[in-house]
Amino acid sequence: MSDFLAAAIQITSTSNVEANLAISEEQIELASRRGAELIGLPENFAFIGDDKKRLEIASSLSEKCSKFLVTMARRYQIVLLGGGFPVPADDGQRTLNRAELVGRDGQLLGRYDKIHLFDVDLPDGNKYRESETIIPGQKLPPVINIPGLGKIGVSICYDVRFPELYRHLVSEGAELLMIPAAFTAFTGKDHWQILLQSRAIENTAYVVAPAQTGEHYRRRQSHGHAMIIDPWGTVLADAGVQEGAAIAPVDSSRVESIRNQMPCLKHRKKEFF
């Protein structure tokens with residue numbers, strides 16, 4: 001891994017796919033002009049809306065999202081993560097929630113289908129049942145070694161509450177963890193930053209967390225605060241609640257230095273866990 005700038009994009013997606021992709025490109029272009037080489041889009045970057053409509057357009061939308069990521073990566077010469085978009089499942093009734101990481105030449109470097117689904121009743125009255133319309137992935141997320149950028153582990157949103165997943169990624173060599181999300185406003189205000197910092201600290205790894213923000217439709221509202229956090233747990237950049245990006249340098253020596261100073265990974269009692 002060498003020194004580079006990373007960007008965690010923050011947008012407010014709606015049911016208007018073309019508008020969502022347009023604002024995504026706008027933020028990608030702005031981040032790339034500032035020198036970002038690794039850029040992440042949030043979960044559901046292309047569509048947030050009625051579940052029935054999402055299922056109806058899933059086939060065409062998945063193709064459009066993949067082509068969009070390839071085009072953007074090539075056009076701006078960046079490594080780009082599409083943090084989650086619907087892909088039709090084999091049962092014809094639900095979708096997968098897929099993230100794809102694309103290289104500068106448009107090559108697909110890796111993909112991940114979200115395995116932890118958000119089935120929660122929140123105290124604010126909102127109910128979420130992702131499992132009703134989404135099938136969980138059947139494979140652990142990948143760690144992708146990218147020359148110049150290091151070893152990147154991919155995950156999606158609700159995954160952040162499951163530390164064992166990130167321990168797996170670090171055991172596979174991850175130095176930077178990407179956590180694109182559409183975190184709810186209600187849970188985000190109390191948990192989002194704490195969870196991200198915890199994943200960074202316990203794994204002595206960078207965290208790049210793109211995010212949705214603001215009101216999408218009806219009562220669906222996201223927390224925002226896309227962040228980049230270093231392996232010590234220091235928040236290097238926070239996008240606040242407006243559309244934009246958190247942009248910060250990733251220091252190649254920082255991971256090694258902190259892992260030497262705080263060698264928790266070496267002290268793990270693997271015989272017990």
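Considering only the chain, what is the antiparallel percent among its DSSP beta bridges, to the nearest 5? Show your work: numbers first, answer last.
Details: 37 of 55 bridges.
Close to 65 percent.
How long is the gain from Gln138 to Arg74 if the chain were fully straight, where each residue apart is worth 0.36 nm and the alpha carbon distance is subtracted? Before the final figure, lay out each step's value.
Numbers: separation 64, 0.36 × 64 = 23.04 nm, distance 2.98 nm.
Full extension of this stretch gives 20.1 nm more.
Quick check on segment 146-205: what does the Kirkwood estimate of hydrodynamic radius come out to from the alpha carbon pairs, in Å? Provide the component values of the computation, followed by the final result.
Working: mean 1/r = 0.0840 Å⁻¹.
After inverting the mean inverse Cα-Cα distance, the result is 11.9 Å.
Explain nothing, just compute: Karplus ³J(HN,Hα) = 6.51 cos²θ - 1.76 cosθ + 1.60, θ = phi - 60°, for every residue of segment 232-246 in order, whole Hz, x for Gly and Pro.
So the Karplus estimates, Gly and Pro as x, are 8, x, 6, 6, 7, 8, 9, 7, x, 10, 9, 4, x, 7, 8 Hz.
What ratio of Cα Rg to 2.2 N^0.38 Å holds for segment 89-201?
Numbers: Rg = 15.1 Å, N = 113, 2.2 N^0.38 = 13.3 Å.
Taking N as the residue count of segment 89-201, the ratio is 1.14.
Given segment 1-92, report the % of alpha carbon pairs whose separation exceeds 23 Å.
In whole percent, the long-distance tail amounts to 24.
Given an 8 Å cut-off on Cα distances and at least 6 residues of separation, report the relative contact order of the chain as a percent.
Details: 677 pairs, mean separation 56.8, N = 273.
Relative contact order here is 21 percent.
DSSP loop (so not H, G, I, E, B), at most 13 other Cβ within 10 Å: list which trypsin sites (Lys or Arg not before Pro) in segment 181-273 pass both filters.
Numbers: sites: Lys189, Arg199, Arg218, Arg219, Arg220, Arg254, Arg259, Lys266, Arg268, Lys269, Lys270; in loops: Arg218, Arg219, Arg268, Lys269, Lys270.
Passing sites in segment 181-273 are Arg218, Arg219, Arg268, Lys269, Lys270.
Please say if segment 91-148 is rounded, prolate or oblate, where rounded means a/c under 1.5 for a ≥ b ≥ c the square roots of the C-alpha gyration tensor eigenvalues, and otherwise the choice is prolate for a/b larger than b/c and oblate otherwise? Mind showing how you got there, number by number?
Working: a/c = 2.98, a/b = 2.14, b/c = 1.40.
Verdict is prolate for segment 91-148.
Only loop residues by DSSP count here, and only those with at most 13 other Cβ atoms within 10 Å; note down the GluC sites (Glu not before Pro) in segment 196-273 that meet that. Numbers along the way, then the final one.
Details: sites: Glu202, Glu215, Glu243, Glu256, Glu271; in loops: Glu243, Glu271.
Within segment 196-273, the qualifying GluC sites (Glu not before Pro) (loop, at most 13 other Cβ atoms within 10 Å) are Glu271.
Quick one: order Ser155, Ser253 by neighbouring beta-carbon count within 10 Å, fewest to most. Walk me through the intermediate numbers first.
Numbers: Ser155 27, Ser253 10.
So the residues, fewest neighbours to most, are Ser253, Ser155.
Any read-out appearing in this document is the output of simple, stated calculations on the displayed coordinates, not a laboratory observation. All of these numbers come straight from a predicted model, not from anything done at the bench. Quick reminder, even Gly has a Cβ in these numbers, built from the backbone with ideal geometry, and neighbours come from all protein chains shown.
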